[in-house]
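Peer 1: Input: one structure, supplied below.
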Amino acid sequence: MQTIDFIIFLGFVTGVVLFGCSFFKKNTSAEEYTSAGQSLPGWLVGMSIFATYVSSISYIGYPGKAYAGNWNAFVFSLSIPIASWIAARWFVPFYRESKSVSAYAFLEERFGRWARLYTSACYLLTQIARMGSILYLLAVPMYILMGWNIHLVILATSLAVIVYSMMGGIKAVIWTDAILGFMLIGGAMLSLAVLLFSLPEGPKQLFDLAVHSPDGNKFSLGELSADLTTSTFWVCLIYGIFINLQNYGIDQNYVQRYFTAKSESDARFSALFGGWLYIPVSAVFFLIGTALYAYYQTNSTPLPSEITAKPDYVFPFFIVNSLPVGIRGLLIASVFAAGMSTVSTSISSSSTIILTDYFKPYAKNMTEKRQMIVLKISSVAVGVIGAMVALAMLSVESIIDAWWKLSSIFSGGMLGLFLLGFISRRTKHVAALTGVICGVLVIAWISLASTLALPGVHLHEYLAIVFGTATIFIVGLLLTLVQGS
């Protein structure tokens with residue numbers, strides 16, 4: 001890494017932290033800290049939603065997936081417009097009218113305190129797993145680039161994000177997210193251009209090599225069979241619809257952003273804008289992975305064995321060894337941009353949930369000062385735990401697979417309970433609780449069947465959230481009908 005690359009990278013990270021910290025004095029209350037006083041324009045909130053969604057999981061994980069396999073995981077992106085449209089049509093006005101910045105206050109009103117605590121706990125577990133995955137992927141380029149101790153990189157990065165998230169609140173997070181979003185798009189486009197024109201025969205060679213790969217068409221979106229035990233096109237699409245309905249419908253990251261918009265129309269626009277923008281950008285990431293495959297097929301120098309063993313390392317290795325000076329620093333900064341935006345969002349939203357769902361209900365009439373103390377201490381605590389999970393991720397082969405499995409397990413029951421309360425106004429807490437218990441058992445069975453060699457058909461782990469959600473909803477409705485009769 002040349003001096004200019006290091007200066008660009010260090011200047012970028014320092015600038016982001018200082019910019020985020022500049023919002024410190026503007027947070028005069030807990031409401032301002034958590035919802036920015038409902039003052040932000042729709043395009044800004046939408047750009048923040050997009051940047052949060054991208055993360056380093058997309059920036060490094062998607063190229064690694066496409067390099068080692070095909071475009072099957074891109075089917076997940078195709079499901080986003082469905083979820084974002086439903087969110088803009090029904091969820092955004094519902095939350096804006098509720099007046100509670102917590103996404104889970106509604107469930108307490110419908111089913112009791114247990115429902116709010118259950119969903120908020122699932123949310124916190126999901127965010128910690130996500131932060132761990134992203135912090136790990138942030139550290140990979142610096143490990144490959146500089147040979148720095150990956151443990152220290154994770155801890156240092158965590159500290160930087162914690163500082164500006166804690167000091168600046170949601171307004172700092174959204175503004176930095178938006179800036180980082182433009183940065184990561186530019187970095188991805190630049191990488192793709194360099195790759196395409198580095199092939200001996202130009203961009204056309206990419207498509208020739210990818211289509212006629214010995215392992216099959218690299219552009220394939222997966223098998224169209226009805227097999228539910230492997231990652232087919234339909235398994236990825238169904239999983240994507242359910243997980244994105246959860247993201248846009250009950251994920252505090254998104255719900256909190258709906259509250260920061262200055263009007264309901266701006267909030268609706270932000271949901272649609274953030275979702276639609278992700279599709280072409282994620283396609284660029286997959287195309288980068290396919291271009292990496294073609295590049296190293298035509299390159300006389302083979303990849304080191306330790307790089308080929310972990311597909312997530314291939315794109316960072318290319319950045320380090322094949323990009324010109326200066327551009328290399330910009331790309332490393334782009335990878336950090338993707339990760340920092342998502343980690344800061346997880347810290348901000350998790351601290352909000354800890355305050356609204358775990359402190360305020362038990363400490364009536366909390367002063368603004370005490371609320372701010374809880375928010376800041378929670379930000380630090382969540383960030384530290386996320387860093388610990390990142391260190392545990394070092395032994396994982398594919399971070400995309402690990403993250404999708406963990407998110408399906410931890411958050412599998414949340415959507416079903418929300419839909420049950422949102423759609424069926426007659427369902428009471430006993431029916432809802434019974435449905436959740438049945439749904440959690442289904443999620444546990446699907447998630448652990450292969451690992452524990454349990455008898456019966458082993459469905460793909462991605463389907464845990466699908467069948468878990470369906471079980472909660474159906475059992476709850478059936479019990480409602482039985483009780484009503």
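Peer 1: Within the set of pairs 6 or more residues apart or between chains, which connect a residue that is among the charged types (D, E, K, R) inside region 423-451 to a residue that is open to solvent by 60 Å² or more (accessible area, probe 1.4 Å) with Cβ atoms less than 8 Å apart?
Peer 2: Final answer for the pair search is 428/483.
Peer 1: From (1) touching a Gly at 6+ places or on another chain (Cβ under 9 Å); (2) in a helix (DSSP H, G or I); (3) open to solvent by 30 Å² or more (accessible area, probe 1.4 Å), pick out the condition that doesn't hold for residue 70.
Peer 2: (2)
Peer 1: Between 48, 22, which is within 20 Å of residue 342 (Cα to Cα), of a type in the set (Ser, Thr, Tyr) and surrounded by fewer than 24 Cβ atoms within 10 Å (Cβ to Cβ)?
Peer 2: 22
Peer 1: Let me ask you something else. Between 356, 345, 290, 308, which is open to solvent by 10 Å² or more (accessible area, probe 1.4 Å) and within 24 Å of the chain's Cα centre (by Cα)?
Peer 2: Just a single option satisfies the conditions, and that option is 356.
Peer 1: Which numbered condition trips up residue 155, out of (1) among the hydrophobic types (A, V, I, L, M, F, W, C); (2) at pLDDT below 85; (3) open to solvent by 10 Å² or more (accessible area, probe 1.4 Å)?
Peer 2: (2)
Peer 1: Then there's this: Does residue 101 satisfy the condition of being free of Cβ contacts under 8 Å to residues at least 40 places away in the same chain, in contact with a helix residue (DSSP H, G or I) (Cβ under 6 Å, 6 or more places away or on another chain) and either open to solvent by less than 10 Å² (accessible area, probe 1.4 Å) or not charged (D, E, K, R) (or both)?
Peer 2: No; evaluated as a whole, the condition is false for this residue.
The values are calculated or read from the model by the stated rules, or taken from the named source; none is laboratory data. Just so it is clear, the model here is predicted, and its values are computed rather than measured. Every residue, glycine among them, receives a Cβ derived from its backbone with ideal geometry; neighbour counts consider all protein chains shown. The accessibility values were calculated without ligands, DNA or RNA, using every heavy atom of the protein model including side chains. Shrake-Rupley method; radii C 1.70, N 1.55, O 1.52, S 1.80 Å.
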